[in-house]
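The values are calculated or read from the model by the stated rules, or taken from the named source; none is laboratory data. Just so it is clear, the structure is predicted and the values come from calculations on it, not from any experiment. All Cβ positions, glycine included, derive from the backbone under ideal geometry; neighbour counts span all protein chains shown. For the accessible areas, the whole protein counts, side chains as well, though only heavy atoms, and no ligand, DNA or RNA atoms are used. Shrake-Rupley method; radii C 1.70, N 1.55, O 1.52, S 1.80 Å.
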Amino acid sequence: MEKVVLAFSGGLDTSVCVRLLEEEYNYEVITACVDVGQPEEEIKKSQNSAENLNPGNHYVIDAKEEFANEYITRGIKANAEYEGYPLSTALARPLIAMKIIEIAEKEGATAIAHGCTGKGNDQFRFEAIINSMSNLKVIAPIRELNLTRTEEMAYAKEHNLPLPSDKIYSIDINIWGRSIEGDVLEDPRNEPPEEIYEWTKSLEDANDSPQKVTIEFEEGVPIAIDGEMMPLVDLIWKANKIAGDNGIGRVDIIENRLVGFKSRENYEVPGAKLIIAAHKALEELVLTVDELRFAEYISTLYSDLIYRAMWQEPLRDDLDQAIDQMQRRVSGKVVMKLFKGSMQPLTRESPFSLHSVEQITFEDKDTDQKEVEGMIKYHNLQGSNYQKLNL
Ligand code: ARG
């Protein structure tokens with residue numbers, strides 16, 4: 001029997017896939033759960049259901065640090081957001097795919113399977129990596145059999161699959177954020193129910209007094225929070241907690257998916273929002289005006305590539321190099337003030353600051369103010385000539 005490695009989360013889609021792969025596709029199934037910061041209970045639960053469904057053939061791979069240090073750092077340096085979504089799911093997919101390929105090779109499997117439907121972005125992200133980095137066959141049972149969620153439920157009941165009982169939403173979690181889809185959320189006329197949120201307080205329940213938080217960056221990457229140095233994974237958890245308690249990080253958008261659809265998407269991304277805001281505040285201090293304009297432009301380009309499953313596009317690498325070059329000076333400290341869903345920088349400092357108090361102060365007598373007069377005269381000379389044409 002040939003072997004297939006299934007990217008397994010323990011949710012409805014992937015649980016159904018285990019049986020389908022055995023019964024409809026005749027494979028020996030190996031399940032693998034890549035830990036990119038899902039809650040521990042979730043990993044445990046997925047492990048339990050894997051053990052029940054498919055005893056003795058389950059892997060758990062801890063990829064949290066790699067995810068933070070090799071993927072999230074790029075997102076931070078690029079201020080990567082797609083339509084307001086900091087790409088938490090999108091950034092994790094290439095890494096998950098690569099880990100699954102490693103297992104497939106180790107196990108001598110001939111195929112990789114995933115539980116994506118035919119409507120989303122994740123199928124593109126997984127398969128872009130699998131196709132370009134291996135010769136493994138891809139199997140996508142839910143898509144291939146055109147199953148609806150209700151049909152999956154029926155199949156699960158029929159086959160006595162140990163299912164996460166009352167879950168109605170499709171939720172994807174990693175350290176960089178939570179995405180919540182499905183059920184009442186599908187119709188933008190419905191308000192998102194409070195129950196979908198776990199990391200963020202509503203504005204009503206958010207802390208009643210403002211909180212200041214200091215984030216220190218080195219070469220574009222956060223290294224300390226409130227004076228405490230810590231590994232990025234821990235720092236992000238801390239940022240998630242602080243920002244979430246202050247009602248920061250709920251995103252509710254009509255997203256433009258890769259496959260033409262518009263889709264209402266809900267995210268909880270408190271830490272990502274806080275860290276990116278602080279990072280931008282620091283960039284304002286240390287980058288030149290032209291670098292800032294360029295950074296803003298390539299941020300959109302970069303985010304689109306990540307969103308659209310183009311991790312392997314050489315432009316992504318090209319942009320990374322330009323970004324890394326600029327980020328060498330993005331070191332320093334930012335104090336942010338958080339209050340009831342709002343955030344603002346209070347102070348910023350850096351050894352690479354291009355701002356000079358001596359130069360900008362109103363009290364300065366050393367700069368001869370009159371020197372600028374010649375510059376004013378020639379500033380937009382062409383525009384001035386144009387106006388004089390009296391067209
Ligand atoms: N729309 C987001 C994206 O494309 C989130 C996808 C969430 N995935 C999921 N399987 N629930 O990145």
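Specify the residue that is nearest to ALA92 (Cα to Cα); the eligible residues are those in the stretch 31-59 that are of a type in the set (A, V, I, L, M) and either at pLDDT below 90 or touching a Phe, Trp or Tyr at 6+ places or on another chain (Cβ under 7 Å) (or both). Write out each step before concluding.
Going through the stretch 31-59, the residues of a type in the set (A, V, I, L, M) turn out to be 32, 34, 36, 43, 50, 53.
Within this subset, residues satisfying the condition of being either at pLDDT below 90 or touching a Phe, Trp or Tyr at 6+ places or on another chain (Cβ under 7 Å) (or both) are 32, 36, 50, 53.
Values: ALA32: 15, VAL36: 7, ALA50: 21, LEU53: 25 Å.
For the stretch 31-59, the residue satisfying everything is VAL36.
Within the stretch 54-71, the set of residues being out of contact with any strand residue (DSSP E or B) (no Cβ under 9 Å at 6 or more places or on another chain) and touching a residue at least 12 places away in the same chain (Cβ under 8 Å) comprises GLU65, GLU66, ALA68, GLU70, TYR71. Quick check, is ILE142 over 28 Å from GLN312 (Cβ atoms), at pLDDT 95 or above, touching a helix residue (DSSP H, G or I) at 6+ places or on another chain (Cβ under 6 Å) and surrounded by 14 or more Cβ atoms within 10 Å (Cβ to Cβ)? Answer is no for this residue. Scanning the stretch 210-225 for residues that are of a type outside the set (Phe, Trp, Tyr) and either touching a residue at least 24 places away in the same chain (Cβ under 8 Å) or loosely packed, with under 14 Cβ neighbours inside 10 Å (or both) yields PRO210, GLN211, LYS212, VAL213, THR214, ILE215, GLU216, GLU218, GLU219, GLY220, VAL221, PRO222. Only one of these conditions is not met by ALA156: (1) open to solvent by less than 30 Å² (accessible area, probe 1.4 Å); (2) under 20 Å from the mean Cα position of the chain (by Cα); (3) closer than 23 Å to GLU42 by Cβ; (4) of a type in the set (A, V, I, L, M). Which number is it? That leaves (2) as the condition not met. If the condition is being closer than 16 Å to LEU235 by Cα and either within 16 Å of the ligand (Cβ to nearest atom) or open to solvent by 10 Å² or more (accessible area, probe 1.4 Å) (or both), then the stretch 69-87 contributes ASN69, GLU70, TYR71, ILE72, THR73, ARG74, GLY75, LYS77.
Results for (1) closer than 27 Å to ILE175 by Cα; (2) touching a residue at least 60 places away in the same chain (Cβ under 8 Å), shown as yes or no for each residue.
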| position | (1), (2) |
| --- | --- |
| GLU107 | no, yes |
| THR110 | no, yes |
| ALA140 | yes, no |
| ARG143 | no, no |
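Tell me which residues, restricted to the stretch 88-124, are away from the ligand (no atom under 16 Å from the Cβ) and open to solvent by 20 Å² or more (accessible area, probe 1.4 Å).
Scanning the stretch 88-124 gives MET98, LYS99, GLU102, GLU105, LYS106, GLU107, GLY108, THR110.
Of all residues in the stretch 149-172, those satisfying the criterion of being within 16 Å of the ligand (Cβ to nearest atom) and more than 19 Å from ARG257 (Cα to Cα) are ARG149, GLU152, PRO164, LYS167, ILE168.
Which members of the stretch 235-251 meet the condition of being touching a Leu at 6+ places or on another chain (Cβ under 8 Å) and part of a helix (DSSP H, G or I)? Before you say what the answer is, go through the steps one by one.
In the first step, residues of the stretch 235-251 are kept if they are touching a Leu at 6+ places or on another chain (Cβ under 8 Å); the result is 239, 242-243, 246-249.
Listed by number, the residues that qualify are ALA239, ILE242, ALA243.
Starting from residues that are among the acidic types (Asp, Glu) and within 16 Å of SER170 (Cα to Cα), keep the ones in the stretch 1-47 and report whichever is most open to solvent (accessible area, probe 1.4 Å). Give the steps one after another, and end with the answer.
The first filter runs over the stretch 1-47 and keeps only residues among the acidic types (Asp, Glu), leaving 2, 13, 22-24, 28, 35, 40-42.
Still in the list and also within 16 Å of SER170 (Cα to Cα): 13, 42.
Working: ASP13: 35, GLU42: 54 Å².
The residue in question is GLU42.
Please specify each residue of the stretch 1-47 satisfying the condition of being part of a loop (DSSP other than H, G, I, E, B) and either among the hydrophobic types (A, V, I, L, M, F, W, C) or closer than 24 Å to ALA68 by Cβ (or both).
Here is the first cut: in the stretch 1-47, the ones part of a loop (DSSP other than H, G, I, E, B) are 1-2, 8-11, 24-27, 36-39.
Listed by number, the residues that qualify are MET1, PHE8, SER9, GLY10, GLY11, VAL36, GLY37, GLN38, PRO39.
Among the numbered conditions (1) within 16 Å of the ligand (Cβ to nearest atom); (2) touching a Pro at 6+ places or on another chain (Cβ under 9 Å); (3) basic (Lys, Arg), the only one that LYS337 does not meet is (1).
Kindly indicate the residue of the stretch 48-63 that is surrounded by fewer than 21 Cβ atoms within 10 Å (Cβ to Cβ) and part of a helix (DSSP H, G or I) and also farthest from the chain's Cα centre (by Cα) among those meeting that condition. The extreme case among them is ASN52. For the stretch 253-307, filtered to residues that are over 27 Å from ASP183 (Cα atoms), open to solvent by 60 Å² or more (accessible area, probe 1.4 Å) and under 18 Å from the mean Cα position of the chain (by Cα), the residue that is nearest to the ligand (Cβ to nearest atom) is THR300.
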